[in-house]
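One structure is given below, encoded as structure tokens.
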Amino acid sequence: MPRMLDVSDEVRAEIGDEEADRLLAGESAPGSYDCTSCRTPGDPEQERTSTVLFVGDETAVLAFAHSTCLPSQVVQVTEEQLQGAVRAIGGDSAQPAPADVTPEQAVLGVTSGLVLIAGELHPALVVEPTAPVARPGTLGAGDDFLPLLIEQGFMPLTELSAVPPVLHGWSVLLAAGQLHAVLQPNPGGGGRPVAWWQAHQPLQVTDGWRSAANKHQQVLMFAAPVGSIGRQPREDLLRDALDKAAANGKLVASALPLAGL
């Protein structure tokens, strides 16, 4: 039976025509695999399967995913992320990690949770700095975290009544069933996306969160200034904090596609 394998032109360019042809011929493709996105079994002889190439600083890893979860693509990651993904392929949903939003390397707290909007559960990431974020190049004590994100295309919210619009060029990297990074367009223009935020180590997400992410093929990212959300132990309390931040004009959001779709 022919293998239902997708190898994008981007992946082919990275691995070469010879290896791509071997994959399509079934010579080097797996008989079965665990989807790098949803972590459930897949069979390239029974269902459409995507080749996903993770490229680090020194090495690259070829993984496989259901085509309904991810398209065939190349994903640029750090070497540390790549090694973490390799270990995962073979805790806590809220952990701080560094992000290049200020010259002082502001620390962002990132929490995953499910948010109910218009009667449907959506996977969400809530981002809150641990301190005010100044605009790069300024010495003031103000907090420009939300204005900086609005300039990038995030939308201010006054209530959580509808799903925010998709912010094209940004994406959420979910690999091996774990959260690795939020990617943004390359500031230099062109090229592959770069990490706006990345986990020190891959973050665990719940099965329900991962299932919702694969269903919607996107994640809602909410961001608020320091002190607006806090670390909430339950999703209902997290939702209450989001509603309060929105009512106070301290919340922005966008829908981010999975893995740079």
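Quick note: the coordinates plus some simple rules give every number you see, no bench work behind them. The shown structure was predicted, so the numbers you read here are calculated from the model rather than taken from an experiment. FYI the Cβ positions are ideal-geometry reconstructions off the backbone, even for glycines, and counts take in every protein chain you see.
For the range 143-164, the residues whose amide N sits under 12 Å from a probe point set 7 Å from the Cα of I117 along the beta carbon direction are 155-164. Semi-axis lengths, largest first, of the ellipsoid equivalent to the range 137-261 are 22, 21, 14 Å, with √(5λ) applied to each eigenvalue of the Cα gyration tensor.
Working from label points 7 Å from Cα in the Cα-to-Cβ sense, the D43 to A162 distance is 4.4 nm. Each Lys or Arg adds one and each Asp or Glu subtracts one; over the other residues with Cβ under 15 Å from the Cβ of Q73, this totals -1. Using the Karplus relation 6.51 cos²θ - 1.76 cosθ + 1.60 with θ = phi - 60°, the per-residue 3J(HN,Hα) values for the range 168-181 come to 5, x, 9, 6, 10, 8, 10, 10, 6, x, 10, 8, 10, 6 Hz, with x marking Gly and Pro.
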